[in-house]
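J.: Pasting a structure here, questions to come.
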Amino acid sequence: MRRFKVLIPLFIVVIIYLFFSGYRITPLSAANAFPLLPKDAELVEEMKISTTPIFVYKSEEENQYVSVTSEKNGVFYRSTQSTFVPIRTDSLQTVGLMNFRNKDGEGTYFSVLSTDEEVFYIEVGIDPDVIRKEIRAGESVSFYLSSFEVINFLYPTAYNKDGKPLFYYGIPKNAPTYTPEDIKWHEIIEAEKLDE
């Protein structure tokens, strides 16, 4: 009986410690408990990856999308990594962007929302490892690679149904300097096509 009197309070202390340290039973509850997640954050997308699920939230107050990973640690999950992408009014906008490395591996996640009627598909990658996914206005599409990649160097490009490139993701072409806000989808103009 004396052993139970000691073990029960100890068990309660451990549970409280785990709770306040961000440990949760499910990946989603761990992501919801992430300390940098804005209070008004609303879950808009979930990428179910066995080792490191990724959750994307939208915060109107902070005017940003937040991507959060959840990692398994024993029987619990904990979220320790996040990225923030500003909400834009562009016809193509990135909503989720994440590179991660942890004890279970590494990965690259990229998600795009389109409101452009002309965009028919998006390609990410370098030949021969190009991933192509169709997309329609009002839809989003997600890409996942099981390696750590800088998304700009995978040359994300949006095309119309005839295969004509319309937008590219990254820094502005020929820009001598740029800010993080400049890393976005840019329309491909005819002059740029002639330079290629």
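J.: Can you name every residue in region 56-69 that is of a type in the set (Ser, Thr, Tyr) and within 12 Å of the chain's Cα centre (by Cα)?
T.: Step one: list which residues in region 56-69 are of a type in the set (Ser, Thr, Tyr), which gives 57, 59, 65, 67, 69.
Across region 56-69, the qualifying residues are TYR57, TYR65, SER67, THR69.
J.: Return the pairs, sorted by first residue and then second, in which the second residue is in a strand (DSSP E or B) and not acidic (Asp, Glu), the first residue lies in region 147-160 and is modelled with pLDDT under 85, the beta carbons are less than 7 Å apart, and the residues are 6+ apart or on different chains.
T.: Taking only residues 6 or more apart or on different chains, the pairs are ASN152/GLY170.
J.: Same structure again: For ALA175, work out the one condition from (1) at pLDDT below 90; (2) surrounded by fewer than 16 Cβ atoms within 10 Å (Cβ to Cβ); (3) assigned to a strand (DSSP E or B) it doesn't fulfil.
T.: (3)
J.: Please determine whether any residue of region 128-144 is in contact (Cβ under 8 Å) with a residue 12 or more places away in the chain and touching a Pro at 6+ places or on another chain (Cβ under 7 Å). It would help to see each step written out before you state the result.
T.: Quick first cut of region 128-144, residues in contact (Cβ under 8 Å) with a residue 12 or more places away in the chain only: 131, 133-144.
Subset that is touching a Pro at 6+ places or on another chain (Cβ under 7 Å): none.
No, because not a single residue in region 128-144 is in contact (Cβ under 8 Å) with a residue 12 or more places away in the chain and touching a Pro at 6+ places or on another chain (Cβ under 7 Å).
J.: Considering each residue of region 71-101, count those that are modelled with pLDDT of 90 or more and part of a loop (DSSP other than H, G, I, E, B), and give that number.
T.: 5
J.: I've got another one for you. Only one residue in VAL119, VAL141 is in contact with a strand residue (DSSP E or B) (Cβ under 7 Å, 6 or more places away or on another chain), under 18 Å from LYS184 (Cα atoms), open to solvent by less than 40 Å² (accessible area, probe 1.4 Å) and part of a loop (DSSP other than H, G, I, E, B). Which one?
T.: Values: VAL141 fails: part of a loop (DSSP other than H, G, I, E, B).
Going through VAL119, VAL141 in turn, just one is in contact with a strand residue (DSSP E or B) (Cβ under 7 Å, 6 or more places away or on another chain), under 18 Å from LYS184 (Cα atoms), open to solvent by less than 40 Å² (accessible area, probe 1.4 Å) and part of a loop (DSSP other than H, G, I, E, B): VAL119.
J.: Would you point out which residue out of VAL44, VAL56, VAL66 is in a strand (DSSP E or B), open to solvent by less than 40 Å² (accessible area, probe 1.4 Å) and in contact with a Lys or Arg (Cβ under 9 Å, 6 or more places away or on another chain)?
T.: On the way: VAL44 fails: open to solvent by less than 40 Å² (accessible area, probe 1.4 Å); VAL56 fails: in contact with a Lys or Arg (Cβ under 9 Å, 6 or more places away or on another chain).
Matching residue, one of VAL44, VAL56, VAL66: VAL66.
J.: Can you find a residue that is closer than 19 Å to ILE25 by Cβ and either without any contact (Cβ under 8 Å) to a residue 60 or more places away in the chain or open to solvent by 30 Å² or more (accessible area, probe 1.4 Å) (or both) anywhere in region 90-100?
T.: Just the residues of region 90-100 that are closer than 19 Å to ILE25 by Cβ, to begin with: none.
No, region 90-100 has no match at all.
The values are calculated or read from the model by the stated rules, or taken from the named source; none is laboratory data. The model shown is predicted, which means the values in this text are computed figures rather than measured ones. In this analysis, Cβ positions are derived from the backbone assuming ideal geometry, glycine residues included, and neighbour counts consider all displayed protein chains. Surface accessibility is based on the protein's heavy atoms, side chains included, excluding ligands, DNA and RNA. Shrake-Rupley method; radii C 1.70, N 1.55, O 1.52, S 1.80 Å.
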